[in-house]
Every structure is written in C-alpha cells, then in structure tokens.
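Asks: Pasting a structure below so you can have a look.
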Amino acid sequence: MSGKFRAAMIGCGAIAQRLHVPDYAVCPEAEIVALCDLVPSKAKLLAERYAPGAAVYTDYKKMLRNERIDGVTVALPNYLHAPVTIDALRAGCHVMVEKPMAASPAEAQRMIDAAKKARKVLMVNQSQRRFAPHRKAREIVESGILGKILHVTGMFGHEGPENWSPEGKWFFRRKQARFGAMADLGVHKADIIRYITGKEVAEISAYTACLEKKGADVEDNFVSCLTFTDGTVGTLCASWTVKGMSASYTILHCSNGTLQVAIQEERALLARLINPECEIEFELPAPLNDYPGTWGLDVSGGFVRAAMGLEEPFCTGEEGKRSLDIIFAAEKSALTGRSVRLGQGAAKKARK
Ligand SMILES: NC(=O)c1ccc[n+]([C@@H]2O[C@H](COP(=O)([O-])OP(=O)(O)OC[C@H]3O[C@@H](n4cnc5c(N)ncnc54)[C@H](O)[C@@H]3O)[C@@H](O)[C@H]2O)c1
C-alpha cells in the first residue's frame with residue numbers, strides 16, 4: 001500500500017451519512033475514492049459534501065472491479081452484510097462491516113474464513129466500544145476498584161428505527177433485517193457487556209415480543225437473563241418502544257459498589273461508582289476525534305489504521321461473532337421456551 005489508504009463506502013444511508021463518511025473525511029491516513037448506493041443521489045450527496053473526486057456507483061460489484069480500493073465499509077441492510085463482505089474480501093479489500101455482522105453463525109464464520117484466506121482485516125463496527133464511558137468503564141473494571149462483579153445489567157432502547165432512518169423500511173422485515181430490536185440494539189449491549197467486564201455468557205433465557213410496530217415481522221422488545229462462565233448473573237434487554245428518553249446503560253453491581261455507565265442525551269455521558277460511603281463521578285477520556293460534525297468515535301480511522309497495521313482492530317470479526325452468538329442463542333431460547341447454553345466456553349461455567 002503506498003500513499004493514502006483508498007477507502008470506499010457500500011451503502012450511503014443513515015449510518016454512512018452520520019458516522020462513517022464524516023469519520024473518513026477527517027482521517028489523515030485515508031481518502032474516499034468511491035461511494036456506492038442503490039439510490040445514486042445518496043452516494044452523490046456524500047461525494048459532493050465529503051469527497052468531490054470520488055466515483056459514484058449503484059453496483060458494488062462493478063465498483064470493486066473498476067476501482068483500486070484498499071478497504072471498504074459495508075453499511076447495508078443486515079442480510080447483505082455477509083455476501084457483500086465476502087465479495088469485497090475476495091476482491092482484495094480490507095472490510096469493516098456494520099453490526100449485526102451476519103444473519104447466521106455460519107455466515108459470520110464464512111466471513112472470518114474469507115478474511116483469513118484473503119489475508120485481509122475484517123472488523124465489525126461495534127461502535128459502542130469507542131464511546132468514552134465504555135472505554136472508562138473497562139479501565140475501571142481492570143483497575144480492580146469494584147471488587148467482584150456480581151450482577152450485570154445491559155439495556156439499549158429508543159423509539160425505533162423509523163426515527164433514525166425514515167426510509168429504512170427494511171428494519172421491520174425479517175427477510176432483510178433478520179432480527180428486530182434484539183440484534184439491532186441488543187448486540188451492542190451484548191458486546192459492551194463482554195467488552196467492559198471481560199466475561200463470557202454461558203447460558204441465556206430470552207423472551208421477545210412485537211408490541212407496537214404495526215406490520216413488522218420482527219420483535220420490537222427483547223428481555224433476557226444471563227449467567228456467565230464464572231457464575232455472575234445479569235440481564236440484557238433491548239427495545240424499540242422506549243419513549244421520552246434514549247435508554248442506553250450498563251450497570252455493574254459489585255462487591256465494592258455499583259458502577260453506572262450511561263450514554264444520556266440530557267446529561268452527556270457518565271461513569272459513576274456509588275456505594276454507602278462515597279460517590280465517584282469519573283472523568284471521561286477525550287473523544288477519539290474531535291472534529292465538528294463527527295461523533296468523536298473515529299471508527300473509520302480505527303479501521304484504516306488497523307488495516308495499515310498501525311493499531312489493533314477495535315473489534316475483529318471473531319469478537320463480533322462472539323457477541324452476535326449471544327443473540328443467536330437468545331433467539332433460540334425465545335423460540336423454544338428453554339434456556340440455551342453457548343459454545344465451548346459455556347461448558348466451563350463455574351457455579352460457586
Ligand atoms: N454501529 C452503529 O451504531 C449503527 C447505527 C445505525 C445503523 N447501523 C447498521 O448499519 C447498517 C445500515 O443501517 P442504516 O441505518 O444506514 O440503514 P439505511 O436504510 O439508512 O441505509 C442503508 C442503505 O443501503 C442501501 N442499499 C440497500 N441495498 C443496497 C445494495 N445492494 N447496494 C448498495 N446500496 C444498497 C440503501 O439504499 C440505503 O441507502 C445496518 O446494518 C444497521 O444495523 C449501525
């Protein structure tokens with residue numbers, strides 16, 4: 001690779017417009033050389049605003065054939081993540097794919113295998129790993145100040161994807177989305193619980209319901225109970241019917257107190273430890289980029305530097321799959337009415 005990292009975007013919808021492309025535009029190591037969307041005006045708009053010289057395509061296969069590209073970000077309806085990622089890897093590109101990375105565990109594994117075969121970096125945009133409160137929370141857990149983690153709660157809810165991407169009707173169709181809230185939002189918190197605590201889920205019991213989203217054939221609510229391989233217990237929930245607030249929090253009840261980690265619009269971001277003797281509000285680390293118009297997450301920069309071998313990927317394909325495996329197990333539990341044990345690690349569960 002010589003000169004700047006030649007980046008391309010496949011899917012120019014809501015998340016490309018708000019996160020990926022603005023991040024690429026301020027990444028000093030990269031230039032956007034091509035943008036692709038079935039709706040050409042979406043790609044054109046992003047090219048005009050962020051990358052005037054970039055080529056615009058409606059056919060990603062043609063783009064992969066015609067352009068010299070080092071890496072692509074795939075931000076498409078969920079059912080396209082695996083086939084498009086595999087095509088891009090086979091075309092010699094590093095790939096960052098949006099969450100949920102795949103529509104089945106087998107697909108996720110095929111993506112990982114394709115990356116290995118192509119000797120390219122595959123990353124999953126578990127973007128919540130980049131939020132300051134989550135980075136701080138992981139550091140607090142690693143410091144040992146909390147003592148033993150006993151009980152974990154992860155919740156992510158908002159009013160639904162129609163408010164996020166008004167044209168994204170696919171979010172409500174199982175064929176294209178594969179899951180509703182349980183993967184759209186639940187996989188973020190499944191991943192964040194793993195990222196912050198370092199614990200792996202051993203067993204899950206889950207319930208889903210579609211309570212409000214008319215015409216949807218996916219769930220708009222998901223609740224579950226977890227046990228971890230070390231016996232810690234917890235809950236993981238997601239909802240598309242939360243009104244009046246954006247519910248995004250992780251709470252660790254520990255032997256030395258409670259750590260609250262939240263992303264709250266009205267009170268910015270926080271990581272707070274409370275116990276009967278003290279309350280500590282931790283100072284949060286700086287955003288990963290601080291350009292106006294970005295979310296401060298530098299996800300594209302993180303991908304570019306990982307592909308260039310300059311830093312570790314913030315979420316590998318394998319890590320993305322481990323988090324999504326929790327959701328596949330949850331779905332199985334909800335469908336069968338039984339608790340479901342997860343892969344090999346689960347067998348080592350220690351009931352103390
Ligand atoms: N990491 C995060 O925080 C986060 C946040 C929101 C969405 N997402 C994920 O990003 C992905 C995209 O979500 P979104 O909100 O941008 O959806 P969206 O509907 O707004 O955008 C999807 C875009 O893909 C385009 N498209 C569909 N099929 C195509 C094809 N074959 N070739 C080229 N373009 C095609 C559509 O025209 C649309 O512009 C989803 O998987 C979603 O779960 C992640």
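Asks: Scan the stretch 13-26 and give yes if some residue there is outside the structural domain of GLN176 (by TED's automatic domain parsing), near the ligand (Cβ under 8 Å from one of its atoms), out of contact with any Leu (no Cβ under 8 Å at 6 or more places or on another chain) and farther than 24 Å from GLU162 by Cβ, otherwise no.
Replies: The answer is no; no qualifying residue exists.
Asks: Tell me which residues, restricted to the stretch 165-210, are charged (D, E, K, R) and either in a helix (DSSP H, G or I) or within 14 Å of the ligand (Cβ to nearest atom) (or both).
Replies: Taking the stretch 165-210 as the starting set, the residues that turn out to be charged (D, E, K, R) are 167, 169, 173-175, 178, 184, 189, 191, 194, 199-200, 203.
Residues satisfying the conditions are GLU167, LYS169, ARG173, ARG174, LYS175, ARG178, ASP184, LYS189, ASP191, ARG194.
Asks: Hey, can you tell me all the residues within the stretch 22-63 that are within 23 Å of ASN289 (Cβ to Cβ), surrounded by fewer than 22 Cβ atoms within 10 Å (Cβ to Cβ), of a type in the set (A, V, I, L, M) and touching a helix residue (DSSP H, G or I) at 6+ places or on another chain (Cβ under 6 Å)?
Replies: Hit for the stretch 22-63 is ALA25, nothing else.
Asks: Same structure, new question: Do you know which residues across the stretch 88-109 are more than 20 Å from GLY13 (Cα to Cα) and either surrounded by fewer than 16 Cβ atoms within 10 Å (Cβ to Cβ) or among the acidic types (Asp, Glu) (or both)? Walk me through how you get there before you give the answer.
Replies: Within the stretch 88-109, the first condition is being more than 20 Å from GLY13 (Cα to Cα), and the residues that meet it are 89-94, 104-109.
Those that are more than 20 Å from GLY13 (Cα to Cα) and either surrounded by fewer than 16 Cβ atoms within 10 Å (Cβ to Cβ) or among the acidic types (Asp, Glu) (or both): ARG90, GLY92, SER104, PRO105, ALA106, GLU107, GLN109.
Asks: Please specify each residue of the stretch 295-352 satisfying the condition of being aromatic (Phe, Trp, Tyr) and at pLDDT below 95. Explain how you work it out, then say what you get.
Replies: Quick first cut of the stretch 295-352, residues aromatic (Phe, Trp, Tyr) only: 295, 303, 314, 328.
Within the stretch 295-352, TRP295 is the sole residue that qualifies.
Asks: Does GLY144 fit the bill of being within 26 Å of GLN260 (Cα to Cα), of a type in the set (Gly, Ala, Ser) and either in contact with a Leu (Cβ under 9 Å, 6 or more places away or on another chain) or within 10 Å of the ligand (Cβ to nearest atom) (or both)? Write out each step before concluding.
Replies: Numbers: within 26 Å of GLN260 (Cα to Cα): yes; of a type in the set (Gly, Ala, Ser): yes; either in contact with a Leu (Cβ under 9 Å, 6 or more places away or on another chain) or within 10 Å of the ligand (Cβ to nearest atom) (or both): no.
For GLY144, the condition - within 26 Å of GLN260 (Cα to Cα), of a type in the set (Gly, Ala, Ser) and either in contact with a Leu (Cβ under 9 Å, 6 or more places away or on another chain) or within 10 Å of the ligand (Cβ to nearest atom) (or both) - is not met.
Results for (1) touching a Leu at 6+ places or on another chain (Cβ under 9 Å); (2) buried (at least 20 other Cβ atoms within 10 Å of the Cβ), shown as yes or no for each residue.
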{"site": "TYR207", "(1), (2)": "no, no"}
{"site": "ASN221", "(1), (2)": "yes, yes"}
{"site": "CYS225", "(1), (2)": "yes, no"}
{"site": "ALA238", "(1), (2)": "yes, yes"}
{"site": "GLU281", "(1), (2)": "yes, no"}
{"site": "LEU284", "(1), (2)": "yes, no"}
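Asks: Out of the residues in the stretch 60-104 meeting the condition of being in contact with a Lys or Arg (Cβ under 7 Å, 6 or more places away or on another chain) and assigned to a helix (DSSP H, G or I), tell me which one is farthest from LYS169 (Cα to Cα).
Replies: In this case the residue turns out to be LEU89.
Asks: What about VAL261, is it in the same structural domain as VAL340 (by TED's automatic domain parsing), more than 30 Å from GLN176 (Cβ to Cβ) and in contact with a Phe, Trp or Tyr (Cβ under 9 Å, 6 or more places away or on another chain)?
Replies: Numbers: in the same structural domain as VAL340 (by TED's automatic domain parsing): yes; more than 30 Å from GLN176 (Cβ to Cβ): yes; in contact with a Phe, Trp or Tyr (Cβ under 9 Å, 6 or more places away or on another chain): yes.
Considered against the rule, which asks whether it is in the same structural domain as VAL340 (by TED's automatic domain parsing), more than 30 Å from GLN176 (Cβ to Cβ) and in contact with a Phe, Trp or Tyr (Cβ under 9 Å, 6 or more places away or on another chain), VAL261 comes out as yes.
The values are calculated or read from the model by the stated rules, or taken from the named source; none is laboratory data. Small disclaimer: the values here were computed from a predicted structure and weren't measured. FYI the Cβ positions are ideal-geometry reconstructions off the backbone, even for glycines, and counts take in every protein chain you see.
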